[in-house]
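Chemist: The structure's right below; bear with me while I get my questions together.
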Amino acid sequence: MQYGVKNAGMRITFFLTLIIVSVNCFSQLKSSNACGTLMIDVYQGWINKARPNDHPEQIKAKLPCFTSFQEEGNQSACGGGVYFENRDIRYLVQRDYIAVGEKCKDSFNLVLFGKKEKDLFADLGLPKLKDANWRAYQMAYGTLILFFNDKEVVNKVIITTRSTDDADLCNEMN
């Protein structure tokens with residue numbers, strides 16, 4: 001009888017181990033969105049409280065859903081960055097700005113994409129600087145730069161902690 005009890009105990013241990021390993025294997029196959037929906041705050045100048053001039057490790061800690069990272073420094077074309085390719089968001093860390101493209105589906109506290117310049121006056125006032133396809137608005141944190149497409153609606157947003165005189169954009173004017 002002892003042989004049967006010992007054998008039953010081994011079977012239970014084996015099945016419990018199998019269940020734990022199976023659950024662990026399947027949980028590794030699930031994709032998760034570590035950030036959920038991001039909140040882009042154009043008045044505060046951040047995404048989920050991660051500012052453009054934060055250290056890259058702070059950005060990665062606040063937004064763990066980044067898809068790639070490039071060390072800050074002159075060896076990279078734009079000075080390094082934290083990238084969210086699947087969200088059309090880029091933090092250019094050495095240049096202290098965030099670029100948000102029109103494919104971004106996250107939330108803004110002020111709807112910008114698809115708006116014409118005249119529709120922005122009530123929320124942003126007059127731009128400090130303007131050119132044919134962009135407008136730069138002075139904000140408490142630095143500068144908000146909005147790019148417009150051929151239909152004259154916003155299609156790119158730049159949030160920078162720098163002033164209009166000091167902003168150093170990398171290939172954004174194209």
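Computed from the coordinates by the stated procedures, all read-outs in this text should not be read as laboratory data. Because the structure is predicted, anything quoted here is derived from the model rather than measured. Heads up, the Cβs are rebuilt from the backbone with ideal geometry, glycines too, and the neighbour counts pull from every protein chain shown.
Chemist: Rounded to the nearest 0.05, what FRET efficiency is calculated for Ala61 and Phe108 with R0 set to 22 Å and r the Cβ-Cβ distance?
Modeler: Working from the Cβ atoms, E equals 0.45.
Chemist: Next question, about the same structure. Assuming 0.36 nm per residue, please report the length gained on full extension of the stretch Ala122 to Gln75 beyond their Cα-Cα distance.
Modeler: Between Ala122 and Gln75, full extension yields 12.7 nm more.
Chemist: Which of Ser76, Ser107 comes first, and how do the rest follow, when ranked by fewest Cβ neighbours within 10 Å?
Modeler: Ser107, Ser76
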